[in-house]
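The structure under discussion appears below in the form of structure tokens.
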């Protein structure tokens with residue numbers, strides 16, 4: 001029984017690993033191919049099956065004038081927009097979540113839960129519903145096709161995630177912890193950043209990770225709200241597609257786009273499993 | 001210079017959490033607040049700490065209006081029944097936290113913390129993480145943090161209730177020592193509990209609280225000997241004092257077809273109906289006694305608690321040895337008539353074996 005279980009367990013894990021890793025290997029392999037190696041017959045292994053070339057990668061950093069696509073600038077644009085919007089969302093979202101978790105608000109029929117729901121409801125609508133108001137809003141204040149405009153829009157998208165995760169997290173931090181901090185001579189702000197915040201690091205990491213992921217992978221708003229001045233990575237990657245699909249540079253750009261998320265995932269995984277942070281509060 | 005509360009009421013919802021509570025706490029004394037769960041003990045302590053603002057009434061300390069001073073400037077210390085420490089700090093940092101908040105000099109902090117660690121017996125645990133400690137040790141850290149602060153008002157909210165039996169006994173003993181050695185004459189210590197035994201052992205001034213109302217105030221001995229009414233008698237005894245509805249005539253005390261000789265302290269009592277009170281420990285097994293039916297027998301440690309029934313009366317007897325009884329078995333018991341209390345039909349104390357009456 002237990003042998004069968006072990007066998008099944010490893011069988012499933014192996015299967016799943018192959019399922020997840022294979023596309024990456026496929027993309028890595030493809031990124032070193034040229035037109036000939038992609039289109040003539042199915043090839044897998046460099047040097048044996050086909051002659052590897054760096055052309056697919058070179059295209060990504062060459063300027064358009066020399067026949068390249070230059071994703072370097074969109075890459076840094078994406079990093080800037082994602083990080084700035086995530087950071088602001090986390091800061092504002094955490095403060096909002098703490099207030100929603102600890103204080104009771106009453107305004108007419110509106111209570112804390114309604115306010116929390118209001119935040120989350122921003123994510124319930126299909127993005128296309130928001131696109132027109134966003135477009136008009138940004139064009140009115142003159143931030144269409146600019147990094148700042150994108151940051152503003154992304155904050156609207158990401159902050160609900162931060163609020164949602166952090167409200168849930170703060171609700172699990174015993175209120176007595178804040179009270180003890182107050183009794184021990186902290187004013188409410190000090191109680192927040194000296195006691196509550198250091199004990200909320202796991203929640204902050206999770207919220208931050210979600211913000212970064214959702215910010216980084218957004219194509220829709222980046223596509224609608226930018227034209228020529230500013231471009232983000234997802235839009236640029238899609239724009240690679242022309243009359244001949246350049247599978248090699250598409251693979252290469254897909255790999256560099258996903259790289260930051262993989263790095264973030266590994267760092268966070270290490271950090272979360274290293275300390276028993278999640279068990280700090282019962 | 002005292003901590004004085006006057007007519008404090010707090011009613012956040014339909015029910016009173018505190019109802020017209022007044023007190024006058026003097027420095028250097030120990031006060032215990034005795035009451036069942038939800039009687040308002042925690043609310044009262046939080047009000048003194050400043051975490052709650054009462055709807056009505058005033059609190060003053062050292063001639064200052066306490067209600068106008070925010071929590072973080074009140075210089076109080078509080079230990080919760082849950083073990084509340086700062087999980088991101090180690091033991092030493094936990095205890096220094098309030099001292100650093102007050103910006104004391106490093107030498108002073110070190111001295112105070114070492115002293116507090118010594119008092120609670122946690123020397124050598126300075127660098128441990130809070131999560132690595134047992135419940136009892138966590139509570140000691142919380143206590144050390146409160147002691148190191150040298151706060152003028154020290155609040156302990158059922159500090160032992162979440163500990164297991166043995167640890168509770170041990171810490172209770174240590175608390176007595178800590179309170180007698182470790183506190184200055186400047187400190188007011190307020191200790192809340194549901195456990196009458198703790199109240200008697202700590203032997204301070206007692207406030208009996210029920211449904212937010214003060215039922216009785218006085219020294220522990222006085223509460224034990226002369227509970228002012230039936231409610232206090234129930235709250236201040238574990239197991240609660242037995243109540244038997246009966247009457248007194250010129251010759252006997254009568255209840256449930258039992259007649260007892262009138263004890264000396266009842267001699268001057270008016271002949272009428274009473275609620276008689278008798279502690280579980282004043283009921284003994286006796287071959288020549290009265291017959292009762294056993295409803296339940298609990299063995300706890302070296303004692304047996306017998307839940308007995310006769311007619312409409314249910315009583316609990318505390319037998320000081322471990323015995324096996326069968327449920328529904330009949331036993332014969334004898335009451336120590338000299339330890340009978342008489343409460344009037346309005347539940348107020350009329351006569352006690354210790355000579356106290358209630359007006």
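The values are calculated or read from the model by the stated rules, or taken from the named source; none is laboratory data. As the structure is a prediction and not an experimental result, all values here were calculated from the model. Quick reminder, even Gly has a Cβ in these numbers, built from the backbone with ideal geometry, and neighbours come from all protein chains shown.
Restrict the check to the range A:71-88 and report whether at least one residue is under 21 Å from residue A:194 (Cα atoms) and either in contact (Cβ under 8 Å) with a residue 24 or more places away in the chain or assigned by TED's automatic domain parsing to the domain that holds residue A:147 (or both). Yes, the range A:71-88 has at least one match.
Looking at the range A:158-176, can you tell me whether even one residue there is within 14 Å of chain B (Cβ to nearest Cβ), modelled with pLDDT of 90 or more and not in a helix (DSSP H, G or I)? Checked against the condition, which is being within 14 Å of chain B (Cβ to nearest Cβ), modelled with pLDDT of 90 or more and not in a helix (DSSP H, G or I), the range A:158-176 yields no hits at all.
Tallying residues that are touching a helix residue (DSSP H, G or I) at 6+ places or on another chain (Cβ under 7 Å) and part of a helix (DSSP H, G or I) within the range B:140-162 yields 7. Before we move on, is residue B:45 more than 10 Å from every other protein chain (Cβ to nearest Cβ) and either in contact (Cβ under 8 Å) with a residue 60 or more places away in the chain or more than 30 Å from residue B:130 (Cα to Cα) (or both)? For residue B:45, the condition - more than 10 Å from every other protein chain (Cβ to nearest Cβ) and either in contact (Cβ under 8 Å) with a residue 60 or more places away in the chain or more than 30 Å from residue B:130 (Cα to Cα) (or both) - is met. Exactly one residue among B:96, B:42 is closer than 30 Å to residue B:110 by Cα, at pLDDT 90 or above and not in a strand (DSSP E or B), and that residue is B:96.
Residue by residue, here is whether (1) surrounded by 20 or more Cβ atoms within 10 Å (Cβ to Cβ); (2) in a strand (DSSP E or B); (3) touching a residue at least 24 places away in the same chain (Cβ under 8 Å); (4) more than 22 Å from the chain's Cα centre (by Cα) holds:
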site: B:216; (1), (2), (3), (4): yes, yes, no, no
site: B:240; (1), (2), (3), (4): no, no, yes, no
site: B:254; (1), (2), (3), (4): no, yes, no, yes
site: B:260; (1), (2), (3), (4): no, yes, yes, yes
site: B:290; (1), (2), (3), (4): no, yes, yes, yes
site: B:304; (1), (2), (3), (4): no, yes, no, yes
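Inspect the range B:69-91 for any residue being away from every other protein chain (no Cβ under 14 Å) and surrounded by fewer than 22 Cβ atoms within 10 Å (Cβ to Cβ) and give the result as yes or no. No: zero hits. Within the option set A:95, A:148, A:100, being in contact with a helix residue (DSSP H, G or I) (Cβ under 6 Å, 6 or more places away or on another chain) and over 14 Å from residue A:212 (Cα atoms) holds for one residue only, A:100.
All told, residue A:155 falls short of being at negative phi, in contact (Cβ under 8 Å) with a residue 60 or more places away in the chain, in contact with a helix residue (DSSP H, G or I) (Cβ under 7 Å, 6 or more places away or on another chain) and surrounded by fewer than 19 Cβ atoms within 10 Å (Cβ to Cβ).
Residue A:281 fulfils the conditions (1) at pLDDT 85 or above; (2) outside any helix (DSSP H, G or I) except for a single criterion, (1). Comparison of A:119, A:105 shows that the only residue that is away from every other protein chain (no Cβ under 14 Å), within 26 Å of residue A:206 (Cβ to Cβ) and either under 18 Å from the mean Cα position of the chain (by Cα) or assigned to a helix (DSSP H, G or I) (or both) is A:119. What residue, among those in the range B:48-68 that are out of contact with any helix residue (DSSP H, G or I) (no Cβ under 8 Å at 6 or more places or on another chain) and in a loop (DSSP other than H, G, I, E, B), is farthest from the other protein chains (Cβ to nearest Cβ)? Once the filter is applied, the top-ranked residue is B:63. Take residue A:68 and tell me if it is crowded, with 16+ Cβ neighbours inside 10 Å and either free of Cβ contacts under 8 Å to residues at least 60 places away in the same chain or closer than 16 Å to residue A:251 by Cα (or both). Taking the combined requirement at face value, the residue does not satisfy it.
No other residue among B:7, B:27, B:110 is under 30 Å from residue B:123 (Cβ atoms), away from chain A (no Cβ under 14 Å) and either part of a loop (DSSP other than H, G, I, E, B) or in contact with a strand residue (DSSP E or B) (Cβ under 8 Å, 6 or more places away or on another chain) (or both) apart from B:27. Is at least one residue of the range A:231-238 free of Cβ contacts under 8 Å to residues at least 40 places away in the same chain and within 14 Å of another protein chain (Cβ to nearest Cβ)? No, there is no match, as no residue in the range A:231-238 is free of Cβ contacts under 8 Å to residues at least 40 places away in the same chain and within 14 Å of another protein chain (Cβ to nearest Cβ). Tell me, please, whether a residue that is exposed (fewer than 12 other Cβ atoms within 10 Å of the Cβ), out of contact with any strand residue (DSSP E or B) (no Cβ under 9 Å at 6 or more places or on another chain) and either free of Cβ contacts under 8 Å to residues at least 40 places away in the same chain or not assigned by TED's automatic domain parsing to the domain that holds residue A:174 (or both) can be found in the range A:92-103. Yes, because at least one residue in the range A:92-103 is exposed (fewer than 12 other Cβ atoms within 10 Å of the Cβ), out of contact with any strand residue (DSSP E or B) (no Cβ under 9 Å at 6 or more places or on another chain) and either free of Cβ contacts under 8 Å to residues at least 40 places away in the same chain or not assigned by TED's automatic domain parsing to the domain that holds residue A:174 (or both). Filtered by the rule that a residue be surrounded by fewer than 21 Cβ atoms within 10 Å (Cβ to Cβ) and either more than 10 Å from chain B (Cβ to nearest Cβ) or in a loop (DSSP other than H, G, I, E, B) (or both), the range A:177-195 gives A:187, A:189, A:192, A:193. Only one entry in A:222, A:191, A:252 is in the same structural domain as residue A:88 (by TED's automatic domain parsing) and more than 27 Å from residue A:58 (Cα to Cα), namely A:191. Scanning the range B:1-25 for residues that are crowded, with 20+ Cβ neighbours inside 10 Å and closer than 18 Å to residue B:204 by Cα turns up B:3, B:23.
Does residue A:214 meet the test of being assigned to a helix (DSSP H, G or I), closer than 24 Å to residue A:255 by Cα, more than 14 Å from chain B (Cβ to nearest Cβ) and in contact with a helix residue (DSSP H, G or I) (Cβ under 9 Å, 6 or more places away or on another chain)? Answer is yes for this residue. Scanning the range B:185-214 for residues that are under 14 Å from the mean Cα position of the chain (by Cα) and over 22 Å from residue B:173 (Cα atoms) yields a total of 4. Scanning for something more than 11 Å from every other protein chain (Cβ to nearest Cβ), surrounded by 19 or more Cβ atoms within 10 Å (Cβ to Cβ) and part of a helix (DSSP H, G or I), does the range B:119-127 turn up at least one residue? Checking the range B:119-127: at least one residue is more than 11 Å from every other protein chain (Cβ to nearest Cβ), surrounded by 19 or more Cβ atoms within 10 Å (Cβ to Cβ) and part of a helix (DSSP H, G or I).
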